[in-house]
Structures are given as structure tokens and as C-alpha cells.
Amino acid sequence: MAAPVLRWGCPGTRWALAGVGGGFRHRRGASIGSTPSLTREQSTVAQKPLHTAQKLRKGEHKWAAVVGLEIHAQISSNSKLFSGSQVCFAAPPNSLVSFFDASLPGTLPVLNRRCVEAAVMTGLALNCHINKRSSFDRKHYFYADLPAGYQITQQRLPIAVSGSLVYKRGQLVSKRVRIKQIQLEQDSGKSLHDDLRAQTLIDLNRAGVGLLEVVLEPDLSCGEEAAAVVRELQLILQALGTSQANMAEGQLRVDANISVHHPGEPLGVRTEVKNLNSIRFLAKAIDYEIQRQINELETGGKILNETRSFDCKLGCTVPMRDKEGKQDYRFMPEPNLPPLVLYDSTTLPAGADSQQVINIDQIRDMLPELPSVTREQLVQQYGLLPEHSFTLLNEVGLLEFFQNVIKETRAEPKKVASWVLNTFLGYLKQQNLTVSESPVTPSALAELLDLLERKAISSSIAKQVFQELWRGQGKTAAQIVSEQKLELLQDPAALEQLCLATMEEHPQVVMDVKKGNPRAINKLIGLVRKATLSRADPALIKDILEKRLWS
């Protein structure tokens, strides 16, 4: 069999699609695009959602849930897995389809080198064993958006096996999930169902886009764990650059296999919930399905081996199709692709063409810093709490925002983290904005924190100024403070006169303090601050009051 042909798919580099053994040759496509995943079958079955309370239901303690995940991540590559068609989200329908993608006779696959490197890098980051020899298979099934009638995948001998992923449950307890395998495969096209006209339209832009399928062992037990695993994997893929993993654009989709059983007994019949494209919906779908199966079994029902989808509006899973009869995919070796052979430094042939071979050790040396390492460094470098390091990484762009503020302010990192995670992130969530959409820049927040640090303003005034900054009127923190006369009172004599006047006006409160009521002094502090329109330092007010009360 002929040696494998690799084609560059990295930014800025193109290899024309060439047929193996004198086959068909395509020209480069000019248009770009890729489309998000939709559920293949849509059920019209309406199902009343279960009202799952946080407390255990009667008998629920007798059940154990088992959850396994199959995660499909779209590889970050300029072109598809086996053709030269470009990849870009939301391009005009059928504008990114090569002859091979449309399965025209005589066309042959040419493997995209970038996709192979992405699979190897992901496998190494997930502690997998990289198979130096892997193979491709045809998985046969018939659907309108699969023009060839089969999908090229790696069923028998995938590129990576036997890995593991450490994640945090509740950001405190470290747990580990085993990874069965990582395989390369093509994506299918997209079916657009027009119920009004009773027709289905096919868009093949996505057909042939390279996917990494990460298959996890059934080591999970609830939606919270599944959500934590997928989020950690998403961060790893983004750090590696092997996938953008944007679930909103269909670049990361999850299938969940779920069953329940009595501890100590054989595993129960499992159902599969397909095409979950949101971490929040993933957790809800799994927890709903666990509770549905428990309720079904406790009322004498039977769990069917079926495929279900999650209706996010109803908050429940609905049947799609049954799986009682084993589907025969008629797997067979892909005849047009030879085995994929990889090398390491010890097996690399002398004089090998670097464009046609892949060195596992070279890719290992290129691995970037992974999220777990970044979190540890945040804790050690800035003294942050572990849960704060998780939040900084979990929100896209938030870590970079935090680090940019740190560079421009004299405030302590812990104080910066408090403002970023509480005030700044709170405003973002309240208005459903991303970090990149924030009207407050890192420089603006850094300037505000510097004013607070040198005690030019109080903490309450700082929050008032932040609110003004958020309105995006183009003014700096210093300008807002100056225009609205929000500076702290710096004259000790004037502040002492205010304290004396307040004590004279509220003799009963003064008496309560002297009788030993420690809370009474807080009332005096509040009264003085009110008189200064919150422009006085509470600590300074307290010092003056204590001196006058006991002098």
C-alpha cells in the first residue's frame, strides 16, 4: 500500500488536494465556512418535566447513577480532514464543499497534517498513550447529510488510548476520569428542517470537517461532575489551540450515556442523550435523566435502550429513536487510506521528509502551559484562593483582564481579584456581557484602584465611580472624582469638629458606647459619614471618636 499523504491545514499554508495513486485533484476553494451542529432527529413528543428538588426523594439513596461521555471537538484547522475545503462558521450554505465532500465518484481523501498534530497534542495533554500505528475505518449509516453513506473514523485502532483527566468537583475535591480513546473522524453535514413547507434542506459546509472524538469511561455519577469534566477539557483544548471549543457555534458537542442501578448489582439499561451543546444544559439533562430513570423503576416501569434529546425549554429529555436492535454500522477498513504511522525521536527514519512524518516527541516539547498549572501559579504568585483561580480561568478573557489590571496598579493582587471577581464580574453577569464587551477597561479599573489605594476615595465612593465608568461616558476615574467632588476629606481638624458635633447631637448613643455597647460606636461612625456624604475614611473617624469618647 502507498505511503500516507499528509496535507498542511495550518494557518497560512496550503497543500492542494491530491488523489492517492493518480486519483482526482481539486483546486483550492475561495469561500470559507462551517456550521454548528443540530440534532439529527427532532421529536415532537412533549413530555412533562420532572420537578427535581435538591433533597433526596424517597428511596433515592438506594440508587447509583453511572454516566459516560462522548465528546466531539471540532479541530482548529483552516481546511477539512480529508479535503482542501476551507472551514469557517456561518458561511453561505454549500459554499465550502469540495468534490470529495460531496462524494463525487473518483475523488480520494488526503489526510490533513494539522488535524493529526492536533490529535497527538491533545492525547499527550490528556496523559494518553499515542499509538504509533493507527488506522481509519468506514462507519456506514444512511442519512441525507452524509452523502457518501459512511463516515471515516477510527473504530478499531484510534490515534490515542488510555488517558486520564483530573477535574475539580465543586472546585475543592480533585477527581479523575479515565479516557478510553481519542479518535479522528469526519463531521457530517447539517439538515435544516422546514416544517412550514414540509421539506428538509441540506447544507454540506460542515461535511468533512475534522473532529476529535474523546471517549470517556463511565466514571461519572451526576450532571455536576460531567459539567466540570467538559469545562476542564474545553479549557485544555483552548490552551492547546487544538480546538476553539465554542459550544455556541457547535465546535464542542457532547453525548451522555446514563444508567442507574442498585449498588452492588449489575449496571442498568442505559439511555443516550445526544448533541448537548451547552455545559449548563449538559448538567440539567443528566440530572433530569437520572431522576427520570429512578422514578420509572420505582413505579414498576422499564428503562428502554434508546436515544433521547434534551428540550431546554421544557427542561426534560424526550425520546428520539430506540436502540433495542443493535445497529449494524458494517465497519470496514477505509481502503483509500493506508495506516497512519507516527514516529518518536528513536524511530524517526534518517533523512525523512519533515513534511510527511510526524514526531511525537517534537509535539510533546511544544505543549503549552495547561490550565491546572496556570491555576497553581495564580495561587502561589498572587496568594489567591483556589476557587478564585478557577473562576478566573472559567470565564473567557477574565484571566487576561485580571493580569492587565495587575500590571497597571499598585493595589495588592488580592484586592484586584476581589474587584474583578465580585464587582466587575457581577456587572458582566447582570447585563449578560462577555469580558470583551465590557465598557470598563483594565486601565480604567487600575486607575480607580490606585485612587483607592492612596486613600483619595473611600471604598463606597470607589463603587460609585465604577458605576459611572460602566456607563461608558469616556471619563476617567480621576475626572469623575474631581467633577463630582468625591475626594476623601483630608483635613483632620474639620473631621474632628464633625465628630464632636455628632456626639453632642446624639448623647444617648454616646452613653451607650460608654456603657460598654461596642455596636453603638458604629452608629456614630455612620452618622459622621452621612454628614460628610461618605467622603471620610471610616477608620479615621473611628480613631477620632474613640479618642474623644475616652478622653
Please find the FRET efficiency linking Leu500 to Cys312, where r is the Cβ-Cβ separation and R0 is fixed at 60 Å, and quote it to the nearest 0.05.
0.45
Hey, what does the equivalent ellipsoid look like for the range 366-512, semi-axes from the Cα gyration tensor as sqrt of 5 times each eigenvalue, largest first, whole Å?
36, 19, 14
Under 20 Å Cα to Cα from Lys313, which lysines show up? Leave out anything in the same chain fewer than 8 places away.
Lys48, Lys274, Lys284
Suppose R0 equals 60 Å. What FRET efficiency, 1/(1 + (r/R0)^6) with r the Cβ-Cβ distance, do Arg321 and Asp543 give to the nearest 0.05?
0.20
Computed over the range 465-551: relative contact order in percent, which uses C-alpha pairs under 8 Å that are six or more apart
28
With Rh as the Kirkwood radius over Cα pairs, the chain has Rg/Rh of 1.10
Positive-pole candidate from Phe466, Leu486, Thr502, dipole of the range 466-506, charges at beta carbon
Phe466
In deg cm²/dmol, rounded to 500, what helix-only [θ] at 222 nm does the chain give when every DSSP H run of at least 4 residues adds -39500 (n - 2.57) and the total is split over its residues?
-10000 deg cm²/dmol
Rounded FRET efficiency, nearest 0.05, which uses the C-beta distance separating Thr200 from Glu369 and R0 of 51 Å:
0.65
Can you give me the angle between helix 371-382 and the longest principal axis of the chain, using Cα atoms only, in degrees from 0 to 90, rounded to the nearest 10?
20
Helix 398-408 against the longest principal axis of the chain: what's the angle in degrees, Cα atoms only, rounded to the nearest 10?
50
Label point distance in nm, Arg519-Met332, each placed 7 Å from Cα along Cα→Cβ:
8.2
For Phe89, what residues show an amide H to amide H distance below 5 Å, using hydrogens built from the backbone and excluding near sequence neighbours?
Ser34
Neighbour-limited loop hits for trypsin sites (Lys or Arg not before Pro), the range 457-551 (at most 13 other Cβ within 10 Å; DSSP other than H, G, I, E, B)
Arg471, Lys485, Lys515, Arg519
Members of Lys455/Lys485; Lys523/Lys547; Lys475/Lys530; Lys514/Lys542; Lys515/Lys547 lying beyond 18 Å, as alpha-carbon distances in this model show
Lys475/Lys530
Taking the Cα atoms only, what angle lies between the long axis of helix 520-531 and the longest principal axis of the chain, rounded to 10 degrees?
90
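Every number in this text was worked out from the coordinates using simple rules, so none of it is lab data. The model shown is predicted, which means the values in this text are computed figures rather than measured ones. Note that we place each Cβ from the backbone using ideal geometry, even for glycine, and neighbour counts take in every protein chain shown.
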